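Beneath this line is the structure, given in structure tokens, with notes to follow.
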Amino acid sequence: MAELSVNMTSRKVGDKVSVIDIKGDVTSASEGVLMQAYEEGGGEKSKIVLLNFSGLEYMNSGGIGMLVTLLVRANRHKQKLLACGLNAHYRQIFELTRLDDAIGIYDTESDALTAAGAA
């Protein structure tokens with residue numbers, strides 16, 4: 001079995017935002033790591049979940065599918081899902097897959113937090 005080459009950590013910003021910092025490769029094998037970071041960041045108690053992709057090295061279609069799973073979970077709990085730090089290539093993938101219609105995309109964490117009313 002291949003070793004995961006991703007690290008995801010969560011932190012709270014204020015009382016309503018959970019930020020998940022993503023470093024490394026995001027594939028379908030990363031789902032457990034993402035869901036653990038989601039729960040450690042407050043899980044469904046957070047009103048907003050911000051995925052910080054500034055440390056992203058690679059993401060494949062399995063990783064996109066995993067984000068859709070997280071989006072479904074967030075919608076079920078009436079949470080807003082945001083993303084920041086995507087490079088031009090991955091931003092284009094979010095546009096092509098129309099994930100940008102459901103996930104707010106921002107250049108920086110600061111921009112996302114301002115838009116969320118947490119900065």
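See the values below:
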item	result
Residue satisfying all of: in segment 71-109; part of a helix (DSSP H, G or I) and more than 14 Å from the chain's Cα centre (by Cα); surrounded by the most Cβ atoms within 10 Å (Cβ to Cβ) among these	93
Count - residues of segment 48-70 that are within 18 Å of residue 110 (Cα to Cα) and either buried (at least 19 other Cβ atoms within 10 Å of the Cβ) or in contact with a helix residue (DSSP H, G or I) (Cβ under 8 Å, 6 or more places away or on another chain) (or both)	8
Number of positions in segment 11-34 that are assigned to a loop (DSSP other than H, G, I, E, B) and farther than 21 Å from residue 98 by Cβ	3
Residues within segment 35-70 that are among the small types (Gly, Ala, Ser) and either part of a helix (DSSP H, G or I) or free of Cβ contacts under 8 Å to residues at least 12 places away in the same chain (or both), tallied	6
Tally of residues being touching a helix residue (DSSP H, G or I) at 6+ places or on another chain (Cβ under 7 Å), small (Gly, Ala, Ser) and either without any contact (Cβ under 8 Å) to a residue 24 or more places away in the chain or crowded, with 16+ Cβ neighbours inside 10 Å (or both) across segment 15-34	1
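Bear in mind that the values in this text are calculations on the coordinates, not laboratory data. This one's a predicted model, so the numbers in the text were calculated from it and none came from an experiment. As a convention, Cβ positions derive from the backbone with ideal geometry for all residues, glycine included, and neighbour counts pool all protein chains shown.
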